[in-house]
Structure formats: structure tokens, C-alpha cells
Amino acid sequence: MPQRVMITAAAAGIGRAVAKAFYDEGAKVHICDVNEAALAAFREEFPEIAATHVNVANEAEVDAWFDEALEDLGGLDVLVNNAGIKGPTAPIDDVEYADWKECLAICLDSHFLCARRAAPVMKAQGSGNIINLSSTAGQYGFGNRTPYAAAKWAVIGLTKSLAIELGPHGVRCNAICPGAVRGDRINRVIQGEADVRGVAFDVIAREMTWSQSIPRFVEPEEIADMCLFLSSPAAKMVNGQDIAVDGHLETMHIR
């Protein structure tokens, strides 16, 4: 029986790579995203994959999406909580409270809202797999990115707690912690850091990978590969882990 998979923020970037990987493996996939232009492009490229406009920080929209997707898929085997934003790049004393709350709402609250809907479905069937996208910022911290780092640390705490709570029901929960993943999102991160420090984009880009044992950007498909592994029988005893896909980041300090 094909796996039934829901993925948040999957019309572009890492989410798109994850959706494509599961689809290529024969899974039934239903994605959501808040970006209408990205959704339109995704639907054109993957007409067989259901794609819904959802603000995953909005409880009512998440509930409506789950109602739709569960009926469409006929159940749920894998939930990939991929949604996130970079949040503000600034010293803590310059961070606006509204920006802090927005970052946590999208990077953390969305994971809670989706896991809360997925849990009873998976518990009832005695199986399931929740994958939360955290970050190496959730393992090391990240100066000038306190809202983002705080949210990503919290995602790991949520993951480990869900693993304890759901494991006895046959449901696993793990966190993937990507390093610097090639794409538009990391470009925005780099530009934000460059603006704050008053240096060139290329300086920050080099610093992003200099402290990795494998000094290059991670490809989105490499995050998708880890999602496939965690959803496979090969990972049946992998639970409650925060797994870095980062080429072995030795330090998070980029200056």
C-alpha cells in the first residue's frame, strides 16, 4: 500500500524536494503552502499531487487542510512539518516583538497544530511517522537570529516529547536539522546577515560553510533523502532523534 504523506510549505525549496521524492517513490502526497505563485507552479509541474493554500500558523486553516487531506489520502502515514521562515536578522535589542511572535508562530506553532491533528489518526492505526524540520540553529544557537534559533530549539523539544508520548502507540517522531541548504531561503539569510554586519554577500556565503567538514551547501534533495529514510522500515527503531544533515558543522559561529 502506498504511503500517505502530508507536507507543509512544500511548493518550493526543501518541501518541494521532499514532495517529489515521496511521489517518485509511489506515495500519495498532499502538500500545502501559503505562496500562491509557488503553488501555481507546483500544480503545473505535479498535477497529480494535491496542493492547498494554507497559512499553517492559523489553527482554522490547518484544521480545514487536515479534513481535506485526510479524506483525499484515506489516512496518514507520514507528516513532514517543513514550514518555517528566517525571521528577523538583528541584535536582540532591535528585534520587534511582532517579528518574534511571527517567527515562532510559523516555525513552531505550525508544527504543534499539525502534530495535534496527526497524532490521533496515527495512534488509532498503530503506526505513523512525524518528521519535524528543525535546524543546526536549534543545536548551536545563531547570533542575530534569536527568534529563529529559539523556535528551532523548541522544535527539538517538541519532537523528543512527542516521541515519548507517541512511541508506545507505534508512532515515531524525529527532527531533521539541516545546515545551510542551497536555495532562495539561505540567500535571504545570507543577505540579512551581510546587511547587519555591513559586509559583502560573498563573505557571509563563504563563512556559512567554512566550518563544515564537508565544506559545501546542502542540496534540498539530501534533506528529502533523510525524510525517505526516516519513513522507511530501515528506520523503525529511530525515534526522538535530532539528526543533522549539514556535512558535519563544527561550529555555528560564522564570524
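General remarks:
- Across the options LEU228, VAL203, GLN241, the greatest Cα extent toward the positive end of the charge dipole of segment 135-255 (unit charges at beta carbon of Lys, Arg, Asp, Glu) belongs to GLN241.
- Computed about the Cα centre, the dipole magnitude for the chain is approximately 680 debye when only Lys and Arg (+1) and Asp and Glu (-1) carry charge, each at its Cβ.
- On Cα atoms only, tilt of 13-24 relative to the major axis of the chain in degrees: 30
- Degrees between helix 184-197 axis and first principal axis of the chain (Cα, 0 to 90, nearest 10): 30
- Part-to-part distance (alpha-carbon centres) for segment 80-159 and segment 25-49, which is given in Å: 22
- Student exercise, segment 185-255 dipole from Lys, Arg, Asp, Glu Cβ charges, in Debye to nearest 20: 120
- Viscosity 1.306 mPa s, temperature 10 °C, Stokes-Einstein D of segment 16-124 from Kirkwood C-alpha radius, µm²/s: 105
- Each of LEU108, PHE142, HIS30 was scored by the projection of its Cα onto the charge dipole of the chain, and the greatest displacement toward the positive side belongs to PHE142; charges sit on the C-beta of Lys, Arg, Asp and Glu.
- Charge dipole of segment 98-198 (Cα centre as origin; +1 on each Lys and Arg Cβ, -1 on each Asp and Glu Cβ, all else neutral): 240 debye, rounded to the nearest 20.
- GNM top mover of LYS236, LYS160, LYS152 - the chain, alpha-carbon springs below 10 Å: LYS236
- Links that overshoot a 28 Å alpha carbon limit, given the list LYS28/LYS101; LYS101/LYS236; LYS101/LYS160; LYS86/LYS236; LYS20/LYS86; LYS86/LYS123: LYS28/LYS101; LYS101/LYS236; LYS86/LYS236; LYS86/LYS123
We did not get these values from a lab; they are worked out from the coordinates using the rules stated. In this text the structure is predicted, and so the values were computed from the model without any measurement. All Cβ positions, glycine included, derive from the backbone under ideal geometry; neighbour counts span all protein chains shown.
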